[in-house]
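Here is the structure we will look at, set down as structure tokens.
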Amino acid sequence: MTENQIGLLLSGLWADLRQPAILWQAGVLALCLAAAWWLSRLLQWRAPEDSREALKRGAAAYRRVVFPVLATLLVLAGRAVLGHWHSTSLLSVAIPLFGALAGIRFAVYLLRIAFERAAWLDAFERSITTVVWIALALHLTGLLPEIVRGLQEIEIRAGKHSVSLWTLLSAAFWVGVTVLVALWGGAAVEARLMRSEHLHSSLRVVFARLAKALLLVVAVLAVLPLIGVDLTVLSVFGGALGVGLGFGLQKIASNYLSGFIILLDRSIRLGDQISVENNSGEVTHITTRYTVLRLQTGVEAIIPNDALVTTTVLNHSYSDRRVRLAVRMQVAYSADIKEVFALLLEIARAHPRVLKEPEPTAQVLQMADSGVQLELGFWIIIPEPGGQSVRSDLSVSILEKFKARGIEIPYPRHDVRLLQGSSTEDAGKSAGT
């Protein structure tokens, strides 16, 4: 629809607004909208839960456009009928508006599908649709140029430079559009990198995030000069940002830099068993700001990346996922040590998680006061599940086998002896005093 046609429609609508016959058009429009709403509710269609994802998305797109499409068709029919007796300028203006609403809803839904990981787009889908449709409606009705002219007269000064409010709003809009395009491109690059089998998983994450950041910066720097924004104006904000990074945001910047260091040097990887700051567990997620550590209790600890770089980290699976564990116990001095050793090694070899190589070992640690302290050492592969369950299983088996073989596990005890002569002498002294 050309600008001349839009101008004729608006002039005709302005003329009809002065006539009582406009009520006929308003009534037909209200009747068409009510019928379209009723039919859209009647024709609602949802894909079954067990259907394919493409069918579910098609059903969702259908639900978004069914009302404006029905409204457009019914208003077209109403205009054709009412046109035999009255002017239909109001209906002629409403038709492109509802047609545009259908197209905008469909386009925004396609953006939502393209950016599946953008949760904010799901939450603001209806708001984005409304804003775009209102802007288009203002353009079609001829009100947008007047609003633009008013916004251009409002200027905001930053030092020696001045920028109109319309320029800032235009910049925000186009920056938002280019950011969406950059995010889509970054998501495509990330998906391609994640499918690559020649790169390590940590390098894939680093390259994907660097590609996203680079695309975002290039998009913003490319679009601002095109809409008339002088990049030197941003130098003031750049200086303020530098001061903020130097003081208030220093720790946050350190965490981000540490995140890239961890991902690049691969000192900590997904699935590693690490211990840091009294927390021990499996690394389940690494971001540029923090690392998620799943403890054996099921609790997830969020460790800042700066702490992983500046403090000592025990990586139990850095070069080898085999770890040595031990169970300690005591036996009485009367026990046959060689028989006990053979029994301990038999118990360890019978456990399914104890490795055959290196072999389990049994050793004497020391001659304690109550008995001989022994240690059963064995190797397992971590991380699934933790080593405490293996210790528990072996301890239970040791107790059962020792009890069945009659092997005594001593416990500390003290013998108190009372000498009869000393007691009588002490009693006589007490009586004499």
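For the range 20-64, a residue qualifies if it is under 20 Å from L101 (Cα atoms) and in contact with a Gly (Cβ under 8 Å, 6 or more places away or on another chain), and the qualifying residues are V28, L29, L31, C32. Across the range 230-244, not a single residue is classified as touching a helix residue (DSSP H, G or I) at 6+ places or on another chain (Cβ under 6 Å), surrounded by 12 or more Cβ atoms within 10 Å (Cβ to Cβ) and modelled with pLDDT under 75. A single member of G27, G7 is over 26 Å from E125 (Cβ atoms), in a helix (DSSP H, G or I) and at pLDDT 80 or above, and it is G27. Taking into account only those residues within the range 298-314 that are under 22 Å from the mean Cα position of the chain (by Cα) and of a type outside the set (A, V, I, L, M, F, W, C), which is most open to solvent (accessible area, probe 1.4 Å)? Per the criteria, the residue is E300. Is it fair to say A77 is open to solvent by less than 20 Å² (accessible area, probe 1.4 Å) and out of contact with any Ser or Thr (no Cβ under 7 Å at 6 or more places or on another chain)? When the stated conditions are applied, A77 does not pass them. Of the helices (runs of 4 or more DSSP H) lying entirely inside the range 49-165, those carrying at least 2 residues that are modelled with pLDDT of 75 or more and over 28 Å from Q25 (Cα atoms) are 53-82, 89-114, 125-140, 144-152. The single condition among (1) open to solvent by less than 40 Å² (accessible area, probe 1.4 Å); (2) modelled with pLDDT of 90 or more that A368 does not meet is (2). Has the range 370-388 got at least one residue that is touching a residue at least 24 places away in the same chain (Cβ under 8 Å) and assigned to a helix (DSSP H, G or I)? Yes - at least one qualifying residue is present in the range 370-388.
The values are calculated or read from the model by the stated rules, or taken from the named source; none is laboratory data. Since the model is a prediction, treat every value here as computed from it, not as a measurement. Positions of Cβ are generated from backbone atoms using ideal geometry, with glycine treated the same way; all protein chains shown enter the neighbour counts. Just so you know, the surface numbers come from the protein's heavy atoms only, side chains and all, with ligands and any DNA or RNA stripped out. Shrake-Rupley method; radii C 1.70, N 1.55, O 1.52, S 1.80 Å.
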